[in-house]
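See below for the structure under consideration.
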Amino acid sequence: MTGAEWFATTPGGLNRYFTDLFQALHARPDTRVSASAFGSAAAGGHSWGPSSGSTVARVWTSLRDDRGLSSSTVVDRHFSLFGRPALGRRGRLPSVAHFHGPWAAESAASGESPAAVRAKYWVERLRFLDIDRFVVLSEHSARLLRTDYGVDADRIRVIAPGVDLARFTVPAERGSDRPTVLCVRRLENRMGIDRLIAAWPAVASAHPDARLLVVGEGTQEGALRALAASSPASSSIEFLGRVDDARLRNLYAAATVSVVPTVALEGFGLIALESCAVGCPPVVTDCGGLPDAVAGLDPSLIVPAGDSDALAARLITALDGVVPGAEACRAHAERFSWDSAAAEHVELYREVAS
């Protein structure tokens, strides 16, 4: 397995998924797995070095790494920029790529130049040339692969992610004395946090004692803090920055509801499952694969992406108590175990290796 960064160094959905999938595979007695990425490696994993430094130097480091390669190896790449080609001493190796989302389109949404976006798109296309099978987390991502990258449907496998049910557990008591909405996101344009801040005055008007907690870091942090400071409900909005898993679990446990307000390019929404695992119901948008994360729990948890009025209305009813209970949320999360996800991956690896 090759990734971008280990989750302990750079929190985020892709890095969480890469780290947790490696640990689930590493725990299986029928599988020998190695994994490399930048930053502080998980137990049993390998680090290519610090996540800082020039992009060229990091690409070169990852391209030279041939640890773990043998005639029986399956290469599983999780980020197009890093990791050597699927080549061993005896020729091309069976290969899998995880398509977590369109890197080029995500860069465009972040405001990068058209030249940089085109370059990233062609890096993706070139890195997909030696891939036998693609793994996506949702049907939405499968459609993107087919339509934007020309990948045949029979080479794509949808495998839902797992959630760490031991790390994220329902406490004996949930909630706090104050109604709380929790948003855990990277602070980037496509995450829709500006729409959430725009929705918040209506929520605060209906629930004057409510508070909005925003967890995460990103390039838009300054702009979002300024937007929140100018809000009529600014006193009830708090930015907490980066938090560790122990505090994150406690924040979910204290929250009345969580919210994932993404407006573009959401591959699945693992964060919604983590919320459910702690018994906290998530309100999500209908963006990308997010509806898959709550399918079968409560369709009213899904609101139109970018619609601040609809988001405010649903958060108000959520604070009124119109949401699934902790028991139902936990039962939903338990449908997504890493054991099951790892088993499906092993089946796929055997398929491409045969």
Item to complete: Kindly list the number of the only condition in (1) in a helix (DSSP H, G or I); (2) more than 30 Å from Leu248 (Cα to Cα) that fails for His140.
Response: (2)
Discussion item. Looking at Val303 and the list (1) modelled with pLDDT of 95 or more; (2) touching a Ser or Thr at 6+ places or on another chain (Cβ under 8 Å); (3) within 17 Å of Pro161 (Cα to Cα), which single condition is not satisfied?
Written reply: (3)
Discussion item. I'm told Glu112 meets every condition in (1) free of Cβ contacts under 8 Å to residues at least 12 places away in the same chain; (2) closer than 25 Å to Val346 by Cα; (3) assigned to a loop (DSSP other than H, G, I, E, B) except one. Can you identify the failing condition by its number?
Written reply: (2)
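Quick grid of which residues meet (1) in contact (Cβ under 8 Å) with a residue 60 or more places away in the chain; (2) small (Gly, Ala, Ser):
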site: Ser62; (1), (2): yes, yes
site: Gly68; (1), (2): no, yes
site: Ser95; (1), (2): yes, yes
site: Ala116; (1), (2): no, yes
site: Val123; (1), (2): no, no
site: Asp152; (1), (2): no, no
site: Phe168; (1), (2): yes, no
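Could you grab me the full set of residues in segment 54-80 that are surrounded by 16 or more Cβ atoms within 10 Å (Cβ to Cβ), at pLDDT 90 or above and hydrophobic (A, V, I, L, M, F, W, C)? Before you say what the answer is, go through the steps one by one.
Going residue by residue through segment 54-80, those that are surrounded by 16 or more Cβ atoms within 10 Å (Cβ to Cβ) are 58, 62, 65, 69, 73-80.
This time we only want the ones that are at pLDDT 90 or above, so: 58, 62, 74-80.
Val74, Val75, Phe79, listed by residue number.
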Item to complete: Assess whether Val259 counts as being of a type in the set (A, V, I, L, M, F, W, C) and assigned to a loop (DSSP other than H, G, I, E, B).
Response: no
Worksheet item: Does Thr219 satisfy the condition of being without any contact (Cβ under 8 Å) to a residue 40 or more places away in the chain, out of contact with any His (no Cβ under 7 Å at 6 or more places or on another chain) and of a type in the set (S, T, N, Q)?
Response: no
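Can you find, within segment 201-250, the residue that is farthest from the chain's Cα centre (by Cα) among those that are of a type in the set (S, T, N, Q) and more than 18 Å from Thr262 (Cα to Cα)?
Going residue by residue through segment 201-250, those that are of a type in the set (S, T, N, Q) are 205, 219-220, 230-231, 234-236, 250.
Then keep just the ones that are more than 18 Å from Thr262 (Cα to Cα); that gives 205, 230-231, 234-236, 250.
Numbers: Ser205: 32, Ser230: 30, Ser231: 29, Ser234: 28, Ser235: 29, Ser236: 27, Asn250: 20 Å.
Ranking the candidates gives Ser205 first.
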Worksheet entry | Matching entry among Ser234, Ser258 (being among the polar types (S, T, N, Q) and touching a Pro at 6+ places or on another chain (Cβ under 6 Å)) | Ser258
Discussion item. Criterion first (within 28 Å of Asp177 (Cα to Cα), in contact with a Phe, Trp or Tyr (Cβ under 8 Å, 6 or more places away or on another chain) and either at pLDDT below 95 or buried (at least 19 other Cβ atoms within 10 Å of the Cβ) (or both)) does Ala318 satisfy it?
Written reply: no
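Condition first: in a helix (DSSP H, G or I) and of a type in the set (A, V, I, L, M, F, W, C). Now tell me which residues in segment 220-251 satisfy that.
Looking only at segment 220-251, we keep the residues that are in a helix (DSSP H, G or I), and these are 221-229, 234-236, 245-251.
If the condition is that a residue be in a helix (DSSP H, G or I) and of a type in the set (A, V, I, L, M, F, W, C), then Ala223, Leu224, Ala226, Leu227, Ala228, Ala229, Ala246, Leu248, Leu251 are the ones that fit.
Would you check if Leu311 is in contact with a strand residue (DSSP E or B) (Cβ under 7 Å, 6 or more places away or on another chain) and assigned by TED's automatic domain parsing to the domain that holds Leu213?
Yes: the conditions hold for Leu311.
Which residues, counting only those in segment 198-218, are hydrophobic (A, V, I, L, M, F, W, C) and assigned to a strand (DSSP E or B)? Walk me through how you get there before you give the answer.
As a first pass, look at segment 198-218 and keep what is hydrophobic (A, V, I, L, M, F, W, C): 198-200, 202-204, 206, 210, 212-215.
Correct list: Leu212, Leu213, Val214, Val215.
The values are calculated or read from the model by the stated rules, or taken from the named source; none is laboratory data. Just so we're clear, the structure is a prediction, and the values are computed from it rather than from any experiment. Note that each Cβ is placed from the backbone with ideal geometry, even for glycine, and that neighbours are counted across all protein chains shown.
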